[in-house]
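Heads up, the thing below is written out as structure tokens.
What follows is calculated from the coordinates using simple rules that are stated; it is not laboratory data. Just so it is clear, the model here is predicted, and its values are computed rather than measured. Methodologically, a virtual Cβ is constructed for each residue, glycine included, from the backbone with ideal geometry; neighbour enumeration extends over all protein chains shown.
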Amino acid sequence: SHSGIASWQLGRYRGAMNTLQDALRVYRAAGDRRGEAKTLNNLGRMQLNFGYHRDALDDYQKALKIFQEIGVAQSEAILHHNIGALYDYKGSYDEGLISYRRALDIYLKIGDLPNQADVLNDIGAIFQSTECYDEALICHDKAKAIAEEIGNQRQQVTAWRGIAGVHRGCGGYVEAFELYDSALKLAREIGDPYEEAKVLEGIAETLLSTL
């Protein structure tokens, strides 16, 4: 299983899939349900990256069922979160919100603050996509507060970026630029190229909106 994940990180995608499928067969033969579920989750992520949405959803749902049966709350929440992200990616926002909220309920119950911030930002992003800006702002503000409390700077950047997007969507371009600038500085300070790129994308979209 770890070999498959390492292969994926090295860009050996097909080999990684084959190795994880081998691991899945061994876990099932050994009756190791936790290992089986974790491997299904990893396979789901890989299937999604290949664009195989149905296969990814099938793997996620199988993993979720196992974690529910053996009683692993955090893993159950992570599966709901992953399923929500899949629906979000496909533009199925209602289904995405349902899954994200199920994840959030569990994160709240078990006191998982980092994942609370993460899923709140994801929920906020869906509200932005559907132009529900008040709801989006509430979610990003909550995520920002949690991220600041626990010192999670990456989630702070994501929250700032989300709040900036809300202002952009409402026509508050000056406020959006200021917030994006703060997010960009922090993304560069922590060396997060993905978040830096997303912030720059937001700045570009704001500039286009002002033309």
ask   = Comparing PHE177, PHE50, PHE67, which has the greatest mean-square fluctuation in the GNM of the chain with Cα pairs linked when under 10 Å apart?
value = PHE50
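If you put +1 on each Lys and Arg Cβ and -1 on each Asp and Glu Cβ, how big is the dipole of the chain around its Cα centre, in Debye rounded to 20? Numbers along the way, then the final one.
Working: 23 positive and 30 negative charges, 194 e Å.
Computed about the Cα centre, the dipole is about 920 debye.
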query = Once Cα extents along the principal axes in Å is worked out from the coordinates, which option in [x] 52, 41, 38; [y] 116, 26, 21; [z] 60, 36, 31 does it equal?
reply = [z]
request  = Output the relative contact order of the chain, whole-number percent, from Cα pairs under 8 angstrom with separation of 6+ residues.
outcome  = 10
key: Mean separation of Cα contacts under 8 Å, 6 or more apart, over the residue count of the range 49-114: relative contact order %   = 28
Too-long pairs where the Cα-Cα distance tops 24 Å, listed order kept, from LYS65/LYS142; LYS144/LYS185; LYS109/LYS142; LYS65/LYS109 = LYS65/LYS142
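Specify whether the C-alpha gyration tensor of the range 92-140 places it in the rounded, prolate or oblate class, a ≥ b ≥ c being the square roots of the eigenvalues: rounded for a/c under 1.5, otherwise prolate if a/b is larger than b/c and oblate if not.
Values: a/c = 2.80, a/b = 1.58, b/c = 1.77.
In terms of gyration-tensor shape, oblate.
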ask   = Hey, in the GNM for the chain with a 10 angstrom Cα cutoff, which one of GLY11, GLY96, GLY35 fluctuates hardest?
value = GLY11
query = For ASP94 and ALA197 in the same chain, what is the full-extension length gain: residue separation times 0.36 nm, less their Cα-Cα distance, in nm?
reply = 34.3 nm
task = Could you point to the residue in THR19, LEU43, TYR107 farthest towards the positive end of the chain's charge dipole, with +1 and -1 charges on the Cβ of Lys/Arg and Asp/Glu respectively?
result = THR19
request  = State whether the range 101-208 is rounded, prolate or oblate according to the following rule on the C-alpha gyration tensor (a ≥ b ≥ c being the square roots of its eigenvalues): a/c under 1.5 gives rounded; otherwise a/b larger than b/c gives prolate, and the remaining case gives oblate.
outcome  = oblate
task = Straight distance only, please: which lysines reach the Cα of LYS62 with their own Cα at less than 21 Å, same-chain residues fewer than 8 apart left out?
result = LYS38, LYS90
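Is the range 24-127 rounded, prolate or oblate when judged by the Cα gyration tensor, a ≥ b ≥ c being the square roots of its eigenvalues, rounded requiring a/c under 1.5 and prolate requiring a/b larger than b/c? Before the final figure, lay out each step's value.
Values: a/c = 2.52, a/b = 1.32, b/c = 1.91.
Oblate, because a/c is 1.5 or more while a/b does not exceed b/c.
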note = The extension gain from PHE50 to LEU108, computed as 0.36 nm times the residue separation minus the Cα-Cα distance, is 17.7 nm
query = Between the range 1-57 and the range 144-211, what is the C-alpha centre distance in whole Å?
reply = 33
query = Do you know the relative contact order of the range 1-98, to the nearest whole percent, from alpha carbon pairs under 8 angstrom that are 6+ apart?
reply = 17
